[in-house]
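Chemist: Let me give you the structure first, and then I'll get to my questions.
The values are calculated or read from the model by the stated rules, or taken from the named source; none is laboratory data. Bear in mind the structure is a predicted one, so any value in this text is a computation, not a measurement. Cβ sites come from the backbone with ideal geometry, for glycine too, and all protein chains shown count toward neighbours. Just the protein is used for accessible areas: all its heavy atoms, side chains included, with ligands, DNA and RNA removed. Shrake-Rupley method; radii C 1.70, N 1.55, O 1.52, S 1.80 Å.
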Amino acid sequence: QVSLTESGGGLVQAGDSLKLSCAASGRTSSAYSMGWFRQGPGKEREFVATISMFRGTTLYSDSVKGRFTISKDNAKNAMYLQMDSLKPEDTAVYFCALDLSSIASTRAERYRYWGQGTRVTVSS
């Protein structure tokens, strides 16, 4: 069993930065991927970014490409999301997820484990 714990959310103004963290605990190997998804008010959950913990491959949604950076620390089984130039439309609950495959995927159904989410609010 794997558990995921997110941290780093908060209330910021447009143009500010935030860094989200996600730590995985439990039985993990090096061959897995971790990703960030978000769900804004009245919206469906959407893919944000993902990284292969073994290969280091990254994928981003078009809406965050160039503003958000995903990174990892294998020694800590941790993943991070540096969010710069935040916009009001980035307001959402951000979820960390873990996929047992080493191939990073944008598809939520591929991820077996999910965190409880951390709220990010960007004011205009």
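Chemist: How many residues does segment 76-124 contain that are without any contact (Cβ under 8 Å) to a residue 24 or more places away in the chain and of a type in the set (F, W, Y)?
Modeler: Number of matching residues: 0.
Chemist: Specify which of the listed residues (A78, A92) is under 27 Å from V12 (Cα atoms), modelled with pLDDT under 95 and more than 10 Å from the chain's Cα centre (by Cα).
Modeler: A78
Chemist: Here's another thing I want to ask about it. Name the residues in segment 5-16 that are open to solvent by 50 Å² or more (accessible area, probe 1.4 Å) and either within 19 Å of K76 (Cβ to Cβ) or not in a loop (DSSP other than H, G, I, E, B) (or both), would you?
Modeler: T5, S7, L11, Q13
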